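Notes for the one structure printed next.
The values are calculated or read from the model by the stated rules, or taken from the named source; none is laboratory data. Everything quoted here is computed from the prediction, not taken from an experiment. All Cβ positions, even for glycine, are placed from backbone atoms using ideal geometry, and neighbour counts span all protein chains on display. Accessible surface areas use protein heavy atoms only, side chains included; no ligands, DNA or RNA. Shrake-Rupley method; radii C 1.70, N 1.55, O 1.52, S 1.80 Å.
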Amino acid sequence: MGNNNVKFDKEFWLLLILFLSLLLSIILRVNAEATNYQSPDSFFYLKVAENILKGKGFAGPTSFPFNQESVESYFAIWPAGYPCLIALFGLVIPNLLWASKAVNLFFLGASFVLLYIQYKQSAIWASFAYFSYGLTEVYSYTWSEGPFLFFVLLLFYGLNQEQEKKQLFHVGLSLTCLFLLRYAGIIFWLFILGYMIYQYTRKEYVDARRLLVSLMISGLFIVGYLAINYIKTGFMTGAERVYIGLESWTDFTYYLFRGLLNVFAFARNLWFVGNKDSFAIGLLLLQILVIIFVYRGVKFNLDLGQRLMVFSAGFYFVMIIILRSISPFDSFNYRILSPVSLILFIVFFQSILKNIEGKKYQKLALYSFVFISFLINLPVYFLLEEIKILR
């Protein structure tokens with residue numbers, strides 16, 4: 001599945017152009033958006049990063065909104081990995097808001113490099129996943145999902161390694177960092193546990209042993225981190241999180257299907273909430289037509305690595321549904337489902353590449369649709385206003 005012979009060929013330069021286009025787009029979006037793409041979570045992350053730089057440790061406010069006089073305590077509602085990264089970049093970039101954006105853009109760039117190393121010829125197609133509305137939003141916000149998604153890719157890169165030390169390092173590091181960035185990262189730990197058991201039942205003892213060592217190393221760290229949280233706050237993840245029955249099953253199901261519709265609507269400029277969004281409906285119909293046109297006569301044949309990615313996306317999705325049913329921590333949207341959409345979009349685009357070589361019209365249709373998505377995600381009104389000012 002991978003080719004580790006890295007050199008600066010045509011694919012590399014095309015991938016670089018795609019990355020720089022996304023980077024410019026995200027910078028423009030952040031400047032144009034009234035909140036600079038900050039949610040309440042973002043303010044907590046930034047405040048904890050500020051406290052780390054001031055030598056206060058992992059301390060954060062206990063409620064929102066907050067100010068300089070607000071009560072602070074040990075920060076455990078979210079893992080400390082993302083505030084630590086912001087603080088690290090803050091050593092070079094004094095403005096912590098832009099330090100947080102630099103974190104996301106750095107890991108976006110690292111993801112493109114990893115795609116090139118792992119997939120080489122098909123890396124450009126795999127990178128199209130990042131041009132979706134949902135993933136562009138994720139990388140625009142001051143959220144931990146940006147670096148989180150990089151370690152999702154690194155995990156599968158590690159599973160593809162034949163050398164024992166490389167596999168142990170990449171898988172162990174990925175599982176640890178996924179947890180440090182989001183508690184939901186433990187879902188991937190459980191997935192690898194299941195995969196290890198599967199390998200053992202198939203008598204693939206070498207692979208199973210490697211995975212077991214990675215699981216033990218990362219698992220010890222995870223248990224230690226949760227134990228410290230419990231000692232500091234009385235809860236393993238910083239607060240009570242079980243609220244069974246808070247939503248009716250009717251509402252839960254409605255929000256789930258609405259969320260899925262939005263997540264897999266590739267080209268968007270707003271979050272679709274109703275049937276009056278004619279622009280969104282038109283783009284969705286266009287997407288369906290493009291898929292039908294491209295997939296005519298295509299045999300959907302996935303290799304082992306792609307099947308493993310699809311299984312992981314399905315497992316993550318099921319686990320998120322279970323967790324969301326007992327703890328409504330977030331709505332079903334492009335944020336909490338970003339690992340699912342990233343994995344499936346990458347597999348989708350790569351599976352197309354295998355089947356439409358030489359079919360220039362299908363390729364043109366797909367290129368055009370991805371380019372349309374990119375244009376729609378640009379802050380057009382902001383750019384027009386800037387042009388007026390320059391005149």
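Numbers below:
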quantity: Percent accessible area from carbon and sulfur atoms, the range 42-97, protein chains only, probe 1.4 Å; calculated: 64
quantity: Rg to Rh quotient for the range 168-212, alpha carbon positions, Kirkwood Rh; calculated: 1.03
quantity: Selection of trypsin sites (Lys or Arg not before Pro), the range 194-268, meeting DSSP coil and at most 14 other Cβ within 10 Å; calculated: R202, K203
quantity: Using alpha carbons only: equivalent-ellipsoid semi-axes of the range 140-235, gyration tensor based, whole Å; calculated: 25, 17, 10
quantity: Average accessible surface area per residue within the chain, 1.4 Å rolling probe, Å²; calculated: 49
quantity: Unit charges at the beta carbon, dipole of the chain: most positive-side option, F169, I336, Q362; calculated: Q362
quantity: The range 116-263 - percent relative contact order, Cα under 8 Å, separation 6 or more; calculated: 16
quantity: Per-pair calculated FRET efficiency, R0 = 30 Å: S248 and L16 via Cβ, rounded to 0.05; calculated: 0.05
quantity: Pairwise FRET efficiency - E240 versus S63, Cβ, R0 = 22 Å, nearest 0.05; calculated: 0.90
quantity: Kirkwood estimate for the range 305-367, i.e. one over the average of 1/r between Cα atoms, Å; calculated: 13.5
quantity: The chain, helix-only ellipticity at 222 nm - DSSP H runs n ≥ 4, -39,500 (n - 2.57), divided by all residues, nearest 500; calculated: -22500 deg cm²/dmol
quantity: Student exercise, the range 1-147 dipole from Lys, Arg, Asp, Glu Cβ charges, in Debye to nearest 20; calculated: 340
quantity: q = 0.08 Å⁻¹: log10 I(q)/I(0) that the Debye formula gives for the chain, counting C-alpha atoms only; calculated: -0.44
quantity: Approximate spin-label separation E204-K165, in nm, with each point projected 7 Å along Cα-to-Cβ; calculated: 2.4
quantity: Ratio of Rg to Rh over the range 1-96 (Cα coordinates, Kirkwood Rh, two decimals); calculated: 1.14
quantity: Hypothetical label at K232: residues of the range 132-171 whose amide nitrogen lies under 18 Å (7 Å Cα-Cβ projection); calculated: 144
quantity: Listed residues I222, G194, F44: farthest to the positive end of the dipole of the chain (Cβ charges); calculated: G194
quantity: Computed over the range 82-164, Cα set: Rg, Dmax in Å; calculated: 13.9, 42
quantity: Label-point separation, L91 to N355 (7 Å along Cα→Cβ), nm; calculated: 4.9
quantity: Length released on extending from F371 to I117, taking residue separation times 0.36 nm less the Cα-Cα span; calculated: 89.0 nm
quantity: Kirkwood Rh in Å, taken over all unlike Cα pairs in the range 183-264; calculated: 15.9
quantity: Restraint check, K166/K359; K120/K363; K120/K166, Cα-Cα greater than 28 Å; calculated: K166/K359
quantity: Once exposed loop GluC sites (Glu not before Pro) are cut out (DSSP; at most 10 other Cβ, 10 Å), longest piece of the chain; calculated: 241-356
quantity: Percent carbon-and-sulfur accessible area, the range 147-266, ignoring ligands, DNA and RNA, probe 1.4 Å; calculated: 68
